[in-house]
Amino acid sequence: VLAHGFKSFLRVRLGISRPPKSAGRNGVVGHVLGRFRHEELDETQEALRMTAEAIEDLADGMSIDNVMNKFNKSLVAAG
């Protein structure tokens with residue numbers, strides 16, 4: 001996106017858990033770029049469902065602030 005001259009655009013970010021502290025730097029890279037563990041798949045599916053809903057809300061004209069409030073509140077309540 002940046003290479004094509006777009007400087008301002010919305011980004012959707014999904015958080016991930018942290019690797020064990022004993023993993024070190026290489027463990028962090030593997031954790032971030034690696035595959036999801038089997039026990040994380042349900043959470044991953046829910047995160048993707050919420051992401052799709054957030055994108056639909058934005059496409060329907062909801063402000064970014066309202067979308068962030070809607071989904072951040074639901075994540076805090078679930079956590």
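The values are calculated or read from the model by the stated rules, or taken from the named source; none is laboratory data. Remember, it's a predicted structure, so these values are computed and weren't measured experimentally. FYI the Cβ positions are ideal-geometry reconstructions off the backbone, even for glycines, and counts take in every protein chain you see.
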Pair list, Cβ under 8 Å, 6 or more apart: region 2-17 residue small (Gly, Ala, Ser), other residue at pLDDT 80 or above and exposed (fewer than 10 other Cβ atoms within 10 Å of the Cβ)
none
Those residues of region 1-22 which are at pLDDT below 75 and of a type in the set (Gly, Ala, Ser) amount to 15, 17
